1. Ignoring everything except DSSP H segments at least 4 long, calculate the 222 nm mean residue ellipticity for the chain; use -39,500 (n - 2.57) per segment, divide by total residues, nearest 500.
2. What nm distance separates the two modelled labels at A135 and Q25, each placed 7 Å from Cα along Cα→Cβ?
3. From the phi angles alone, apply the Karplus equation (6.51, -1.76, 1.60; θ = phi - 60°) to region 16-25 and give each ³J(HN,Hα) in whole Hz, x where the residue is Gly or Pro.
4. State whether region 22-114 is rounded, prolate or oblate according to the following rule on the C-alpha gyration tensor (a ≥ b ≥ c being the square roots of its eigenvalues): a/c under 1.5 gives rounded; otherwise a/b larger than b/c gives prolate, and the remaining case gives oblate.
5. If I build a Gaussian network model for the chain, linking alpha-carbon pairs within less than 10 angstrom, which residue out of V119, V33, V137 has the largest mean-square fluctuation?
6. Give the distance, in whole Å, between the Cα centre of region 103-127 and the Cα centre of region 1-36.
7. Would you list F127, F4, F148 from fewest to most Cβ contacts within 10 Å?
8. Got the relative contact order for the chain handy, in percent, Cα pairs under 8 Å and 6 or more residues apart?
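Any read-out appearing in this document is the output of simple, stated calculations on the displayed coordinates, not a laboratory observation. None of these values were measured; they are calculated from a predicted model. Positions of Cβ are backbone-derived with ideal geometry, glycine not excepted, and every protein chain shown enters the neighbour counts.
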Amino acid sequence: MGLFNQVMSAIQDPNRQASLGQMGQIMSMAQQVARANNADAGTTQQAASIIGGFVRSALQEKRTTDGEAAAEALVQQGAQDGAAVIPQLCYLTQQQQMSQAFAQRTGLDAGQVQSMLPVLIPLVMKFLNQGSTKADVQGGGNPLMTAFLDGDGDGDVDMGDMLSMAGRFM
């Protein structure tokens, strides 16, 4: 099942955090970031793709070293306070690499991109957290995060594509 299908399943599952309202908030945040930085929707989608790739690598490493529960906890923490998890997700050099990759693909200034990270990383984390179970529900894991991390190995799981599909859906 593709990532978008996982999102739709999470929205339909009353035991998951996801809702149409949350999806709308995430889309609104993405649009605000774009407007605040004089960027178009395509630029924001590229940003989400780049940042999503870095977040995926960091979460895969966290899951490998500390376990699934630790990766899920990091997603939940990032959904609440995304800026606080940036140092846990990537070192300063990785943040700079992410900013440079983002700047090269979008034409935005690397400094401007660096200032956008504390907003865009939480956006990705909020998106992934939609698969988490609600506080009063036991167990179940986060199938959305699992689909994002595992994929089918063909590299087609992409946060930019997800923003585009979610935007069309909304």
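1. Values: 9 runs with 128 residues, N = 170.
Helices in the chain give a 222 nm mean residue ellipticity of -24500 deg cm²/dmol.
2. With each label point 7 Å from Cα toward Cβ, the separation is 1.3 nm.
3. Per residue, the Karplus-derived 3J(HN,Hα) values read 9, 5, 5, 7, 4, x, 5, 4, x, 5 Hz.
4. Details: a/c = 2.30, a/b = 1.44, b/c = 1.59.
Oblate is the answer for region 22-114, as a/c is 1.5 or above yet b/c matches or exceeds a/b.
5. V137
6. Distance between centres, Cα-based: 19 Å.
7. Numbers: F127 30, F4 16, F148 26.
Ascending Cβ contact count within 10 Å gives the list F4, F148, F127.
8. Numbers: 212 pairs, mean separation 65.2, N = 170.
Result for the chain is 38 percent.
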